[in-house]
Each structure stands twice: as structure tokens, then as C-alpha cells.
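Q: After the C-alpha cells below, expect a handful of questions from me.
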Amino acid sequence: MQILLCIDDTDNIESAGTGELAESIAKTIEEKGWGKCYGITRHQLLIHEDIPYTSHNSSMCFKADIKSEYLRKIIEFSSNFLLKESATGSDPGLCVVVVDKLLDRQKLIDFGYKAKKCVLTKDEAYKLANDLNLHLSEHGGTGQGIIGALAGVGLRLTGNNGRFKGKHKINADHSILSVKELCSYPGIDIVKSLDGEIINASEMVLLSEKVKTVLLEDKSVLLVYKKNDNDGFWNNCTKQQLRSY
Amino acid sequence: MKDMFNINKLGNKEFNGGKEDWVHAKLIAEKCDSFKLDDEDELVADDLRSCYNCRYRRWTDKSFSCTKK
């Protein structure tokens, strides 16, 4: 079965980030033979003075194909892990959704988008989780992180939100690669321009920044742009260009 | 350089350049002893040493506040 697992509000200014904890959970799932995990995405939520986030209010989500008999173990492990590893003063939340058992996909997506625009409450999150038959739990502090955890799953479900955690290691002795070469790396599905144009396999990309991908149309997309229309090659996008994803 | 911070209504030191004053965010960070680079996934400025990439910045509606006193 396929699941989405999302965590939020696990850190403080001095601790490891939420992304690192998500990575540790994914690693354990694989090491224990419970399933196979896929890229972690970062989802930006509303920045508002009434929301008690640490510094950026984002949640971290990943997809996993698991054996159904391990679902309970994964939830138990993740819950205990958050209890043990979350930073002092944080308010961690965990959401786990079995994609095929989700009763109303659109309602969860709507919640995700709403969390980017409005201040939501724990009661709203718990009510929706109950209505939709998914796991939502808090593991310390005020438990406020359940809101972002639930929203993160909704945003991941859209297939069109968030940046993938980390950067891709490109083992090449030169910095200009063809789109075909780039797409041979795991975690790079397609190369697109900022305008949404799919770039042909034979076109060349000059890599001058860290190679990061974003989630678009359910794919891990490397975004590129042309510095100058006369250039023969594309450039991978800068941090500033990727900020809004 | 003029003072680029105001005290906001929560009593925190808030950058008055907004979220896209890349030049001043860089200049301030270059002179700041408290600067600490945030996690790679939270970096948004192309110049690594920038307040926008600092572990101690807390994003606000219009800008960020500096949590270092």
C-alpha cells in the first residue's frame, strides 16, 4: 500500500531541522524492511503572527510503498521517534495517510491550500482527520504541529507543491550536461523551463548552482532558465528563483 | 549604513527591507558575528552569507525578525 507521512513543528532554533527527522524516519522504514520511501518534500505554510512556528513554518512529507502489515509499526515508531527526538519547546505533529483508503482526497487538498492562507485550529485538523479516516497525532508541547502535518499531506497530494529536500549529486567531470544525462540521475524525472516548457533530451544545461528539484505534476522537476536568449544552453535555477515553490 | 531594523509590535527586531532586499540582507550578515547558516533546505538567497539564509531569522508576514538580541 502507498502511504504519505508528514511531520511538522519538531525543531527549535538550535536543533536539527524537521527535514532531518523526516529523513531518519524514512531511513528506518527502509532499514527495517517495512517499505520503500521516496523524496521528502518541504511545504511552506502561512507565515502569521498568530502561528507559533520556529522560523519558517514549513512541514516535511514523503511517500512510501509499504507492506500493509507494517502500517501500525510505522506509526508507532514515528510517534515514539518524535517524542524522543523533537526539540525542547517544539510542538510536534504526525500525519499518516493510506492513499487508497482516503475517503475524500479533495477535502484534504483544500485543507492544505487553506493552511497557506488562513490560521487554522487543532480542532479543525482533528475533525477533518476523523472524517477522512487518517492518522493524526501530537507528540509533545501544544501539539500544534498536527495542523502543518495534515496540511503537508494535502499539499503533497496535489502533486504540485513544494521543493524536494536536499540536493542532487551530479558525478560529472564537467558542468554542462544534456537533459538526457540529467534525467538519468535518480530523483530527476524531467527538466522544465520556468514557463513550464518541457526541455528536449538533447538540450544542454549549465549547472552553476546546487541542483534542486520541485514537485510539479507529480514529478521531480529540475527547473531551468536562459540567462540570455542567445545562449545555446540552459541554467539550473537559483535559490532565489526556487523560493516560491 | 542606516539602521535596517525596527521594533515590531511583538517587540522583536524586524528588518525593514522586506523579503527581497538582497543587497542589505547580505551587507548586514557580512558584518554580523552571530550569523549562522540555516539548513540547506531553508536557504533562499543566492549569496550564502545573507540574513535571509540565517538560522536566527524568523520569517514574518512582510519580512523577518532577527532573534539574536
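Q: For the stretch A:167-242, what % of the accessible area comes from carbon and sulfur atoms, probe 1.4 Å?
A: 46 percent
Q: Right, something else. When all protein chains stay in place, what accessible area (Å², nearest 10, 1.4 Å probe) is found for A:GLU203?
A: 50 Å²
Q: Accessible area per residue, 1.4 Å probe, Å², for the stretch A:1-142: what's the number?
A: Ligands and nucleic acids excluded, the result is 46 Å² per residue.
Q: Still on this structure: A:TYR185: accessible area at probe 1.4 Å, nearest 10 Å²?
A: 50 Å²
Q: Accessible area drop of at least 30 Å² (1.4 Å probe, protein heavy atoms): which residues of the stretch A:11-37 qualify, relative to the chain alone?
A: Buried on complex formation: A:ILE13, A:GLU14.
Q: Roughly how large is the B-A contact in terms of buried accessible area, totalled over both chains, probe 1.4 Å, nearest 100 Å²?
A: 2300 Å²
Q: With θ taken as phi - 60° and the coefficients 6.51, -1.76 and 1.60, list the Karplus ³J(HN,Hα) couplings across the stretch A:57-69 in order, rounded to whole Hz; mark glycine and proline as x.
A: Karplus values, whole Hz, x for Gly and Pro: 6, 10, 10, 10, 9, 9, 9, 8, 9, 10, 7, 4, 5.
Q: Probe radius 1.4 Å, ligands and nucleic acids ignored: give me the carbon and sulfur share of the accessible area of the stretch B:22-61 as a rounded percent.
A: For the stretch B:22-61, the apolar C and S fraction of the accessible surface comes to 52 percent.
Q: Most mobile of A:VAL96, A:VAL221, A:VAL179 per a Gaussian network model of chain A (Cα springs, under 10 Å)?
A: Greatest mean-square fluctuation among the candidates belongs to A:VAL179.
Q: Of A:LYS192/A:LYS212; A:LYS84/B:LYS62; A:LYS107/A:LYS192; A:LYS36/A:LYS239, which ones are farther than 23 Å apart at the Cα?
A: Distance filter (> 23 Å) returns A:LYS84/B:LYS62; A:LYS107/A:LYS192; A:LYS36/A:LYS239.
Q: If I build a Gaussian network model for chain A, linking alpha-carbon pairs within less than 10 angstrom, which residue out of A:SER90, A:SER68, A:SER59 has the largest mean-square fluctuation?
A: Result: A:SER68 has the largest fluctuation of those listed.
Q: Which percent, nearest 5, of DSSP beta bridges in the protein assembly as shown are antiparallel?
A: 90 percent
Q: What are the residues whose amide H is under 5 Å from the amide H of A:ILE40, where those residues sit 5 or more places off or on another chain and H is modelled from the backbone?
A: A:LYS165
Q: I've got another one for you. Using a 1.4 Å probe on protein heavy atoms, which residues of the stretch A:46-65 have at least 30 Å² less accessible area in the complex than alone?
A: Hits at the 30 Å² cut-off: A:ILE47, A:GLU49, A:TYR53, A:SER55, A:HIS56.
Q: Each residue of the stretch A:8-16 in turn: what ³J(HN,Hα) in whole Hz from Karplus with 6.51, -1.76, 1.60 and θ = phi - 60°, glycine and Pro shown as x?
A: After applying 6.51 cos²θ - 1.76 cosθ + 1.60, I find 8, 6, 10, 10, 10, 4, 9, 8, 5 Hz.
Q: Could you name the aspartates and glutamates whose alpha carbon sits less than 16 Å from that of A:LYS101, not counting residues in the same chain fewer than 8 places away?
A: Correct list for A:LYS101: A:ASP65, A:GLU69, A:ASP131.
Q: Just check the protein assembly as shown against the gyration tensor rule for me: Cα atoms, a ≥ b ≥ c as the square roots of the eigenvalues, rounded for a/c under 1.5, and otherwise prolate or oblate depending on whether a/b exceeds b/c.
A: Here the protein assembly as shown falls in the oblate category.
Q: Nothing charged except the Cβ atoms of Lys and Arg (+1) and of Asp and Glu (-1): what's the magnitude of the dipole of the stretch A:13-164 about its Cα centre? Round to the nearest 20 debye.
A: Roughly 460 debye, rounded to the nearest 20.
Q: Provide the per-residue ³J(HN,Hα) series for the stretch A:81-91, in order, calculated from phi with Karplus coefficients 6.51, -1.76, 1.60 and θ = phi - 60°, each as a whole number of Hz, with x at glycine and proline positions.
A: Taking θ as phi minus 60°, the curve returns 4, 5, 4, 7, 9, 5, 6, 4, x, 8, 10 Hz for the stretch A:81-91.
The values are calculated or read from the model by the stated rules, or taken from the named source; none is laboratory data. Quantities reported herein were computed from a predicted structural model and do not represent experimental measurements. Using ideal geometry, Cβ is built from the backbone for each residue, glycine included, and neighbour counts are taken over all protein chains shown. In case anyone asks, the SASA skips ligands and DNA or RNA and just uses the protein heavy atoms, side chains included. Shrake-Rupley method; radii C 1.70, N 1.55, O 1.52, S 1.80 Å.
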